[in-house]
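These notes concern the structure reproduced below.
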Amino acid sequence: MLARREAGMSRLTPLETSFFAMESPTRPMHAGGVMLFDAPEHGDVDTFVDDVFARFRATPAVPPWNRRPVIRLPLPHWEAVENVELDYHVRRATLPRPGSIQQLMELVSHLYPTLLDRDRPLWEAYIIDGIEHARTAVFVKAHHSLADGVGGLKMFFGSLSNSPDDDPRPVWAGPRENSPRRSTSEESGWASRIARVAQMPRALAQSVPDTVRLALDGPAPPFMAAKTPTTGTHISAARSFAALELPLSDVKRVGKAHGATVNDVLLSLCDDAMHRYVSEEQGVDAGRMVAIMPLSTRKEGDEATHAAGAVLVSLGAPSATPQERIKQVVASTHHVKARVRRASPLAFQLQTFAVLAAMELREQLPVGRSLVPNVANFTLSNVSGSPSGALYLGRAQMAALYAVPIVTGSNAANITVIPYRESLCIGIGAARNLIPNTPRLAELIQASFAGLRERLPTKVASR
C-alpha cells in the first residue's frame, strides 16, 4: 500500500480533527449504512452476489475513499493511498438461510464496533447474503470525517443506478456519470475562501448577540434530560442495532391531522417509545425527555461534505397522551426552529459546539455521573435528499437503506431516518449496556405509530 501527500485541499479541518480527538474504543466515530436489495430480476442470487463481490474487489477507490489521515502536528492532513488493498476493505458474510432483518442487524452489531485502521483509508464494506426472500445487503462503515449524514447519503445514492441494465458499482468508485459532481475550479475555490475571510469580522460581531439570544431563549439547555437507571453508566464498546420501516404517506397524514411535520411525528413516536421502553425494561417512569435534533445548514447546490448543526429539543410530558405529546413536540420544535432561523450561521455553529462540549464534559466526569443528567436521551436525524424513483445495484432493486449511526456518551440512542420511495427507513443504534434490546424499541415505535394512526379522524385516515 503506497501513499503520497495530496496536492491542494489535504489539511484536516478543525471539525474533522475533532472527530479523531473524540474517538476511543468505546466511542468509535464511524457511521454506516445497510443497503438492502431484492432478488435480482434475472438469474439466481448466488451468481449475482459472486459477481457483485468480484466487481467490488476490482474497482479502485477514488477520493475521499482512497485517503488515510496523518494525525501529526503542526498540520494534520490527508494522505492519498495509491493502491488501496481492496482484498482487506471488501469482505463477504453469509447468514444462515433464511436470515431475518433482525438477524442481519445483529450481524451488523458485531461487525460495527472495531475501530477503523488509521493506517488505511477509513472504511470497510461487507456483501451479505443468505437473507430471507433471496435478498442481499451491502453494509458500508466509514469514518465520520469522510462526510456528514447528507453528504454520505449522496455518496450512497450516487453509486446506484436508476436502471437495472447498468453494471454494479460500489460507493468508493464515486458517483455515476449522471450524478451531480462537485466543482473543482481552483479559481472559484480561492474566491470563496477570500470572500469568507473578508466577511469574518462582520460575522463575528453579529454572532455575539445571536449566540446570547439562542442561549437565553432557544433550544433546551444541556443537562436537563430525563434521568434513567443507566444515567451514571459509561457506554460500552458493544452496540445494538435495529431497523424498521414506516409508510411515508401515513406519517404525513398523521402530521397533517396535528399540524406537525414528518420530523415532529417521528420525534413524538420516539419519545413515547423511549418512555415505554424505560418502563418495561428498567421498571421506572422517566421524566421529560430531551432529543438532539440535527439541522442541516446546507444550501441548494452546496456539495460540502459537512454542513450541519444540532439543537436540543424538549419533548412531551411523561404523562401526556399521544395526542397531547405530539402537540407539545410541535410547539417545542417550532420555537427552536424560529430562534435558529433568526440567528447567524456562526451563532448556530457556536451553539452546536456548546452541545458537543457539554456531552464531552459529562462523559469525562470522574465522579458524580449519576447526579448529572444526560445532555439528551436520544438523537433523531431525518436525512433528506433521497431520489424519488427506484434505485438498482446491477439487476437488483434496492428495497431499503438503513442508517447505522454513531452512538456517543451522554446520549442513550441514535435514531436515523432515511426516506426512500414510499417508506421511512429507520435505523436505531445504541450502546448495548444501555439499551440492549433495540429490536424491542423498534417494535414500540411501530406500536406508537399504530396508535396515532388509529385515532385519526375518519376523513383524514381515508385520504
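Only the coordinates and a few stated rules stand behind these numbers; no lab work does. Keep in mind the model is a prediction, meaning the values are calculated, not measured. Quick reminder, even Gly has a Cβ in these numbers, built from the backbone with ideal geometry, and neighbours come from all protein chains shown.
Values as computed for the structure displayed
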{"quantity": "Packing-based exposure ordering (other Cβ within 10 Å, fewest first) of Ile428, Ile131", "calculated": "Ile131, Ile428"}
{"quantity": "Rounded D (µm²/s) - the range 391-463, Kirkwood Rh over Cα pairs, Stokes-Einstein at 10 °C, 1.306 mPa s", "calculated": "108"}
{"quantity": "Shape parameters for the range 340-430, alpha-carbon atoms, Rg then Dmax in Å", "calculated": "17.8, 56"}
{"quantity": "Whole-number percent relative contact order across the range 8-173, with pairs defined as alpha carbons under 8 Å at least 6 apart", "calculated": "32"}
{"quantity": "Residue-wise HN-Hα coupling along the range 101-110, computed from phi with Karplus coefficients 6.51, -1.76, 1.60 (Hz; x: Gly, Pro)", "calculated": "5, 5, 5, 4, 5, 5, 4, 4, 4, 7"}
{"quantity": "Protection-proxy order for peptides 265-275, 440-450, each taking the mean of Cβ atoms within 10 Å per residue, highest first", "calculated": "265-275, 440-450"}
{"quantity": "The range 8-173: equivalent-ellipsoid semi-axes (sqrt of 5 x gyration tensor eigenvalues, Cα, Å)", "calculated": "30, 18, 13"}
{"quantity": "Net length gained if the chain between His133 and Asp44 were fully extended (0.36 nm per residue, minus Cα distance)", "calculated": "30.8 nm"}
{"quantity": "Exposure proxy order (Cβ contacts within 10 Å, fewest to most) of Val311, Val90", "calculated": "Val311, Val90"}
{"quantity": "Contour minus Cα-Cα distance for Thr114 and Arg91 (0.36 nm per residue)", "calculated": "6.8 nm"}
{"quantity": "Distance between modelled label sites at His335 and Glu422, nm, 7 Å Cα→Cβ extension", "calculated": "3.9"}
{"quantity": "Cross-link table Lys227/Lys327; Lys227/Lys256; Lys141/Lys256, entries beyond 26 Å C-alpha to C-alpha", "calculated": "Lys227/Lys256; Lys141/Lys256"}
{"quantity": "C-alpha center-to-center spacing [the range 103-127, the range 361-391] in angstrom", "calculated": "20"}
{"quantity": "Mean Cβ neighbour count within 10 Å, used as a protection proxy, ranking 109-120, 337-348 highest first", "calculated": "337-348, 109-120"}
{"quantity": "Convex hull (Cα only) mean projected area of the range 51-125, reported in nm² to one decimal", "calculated": "6.3"}
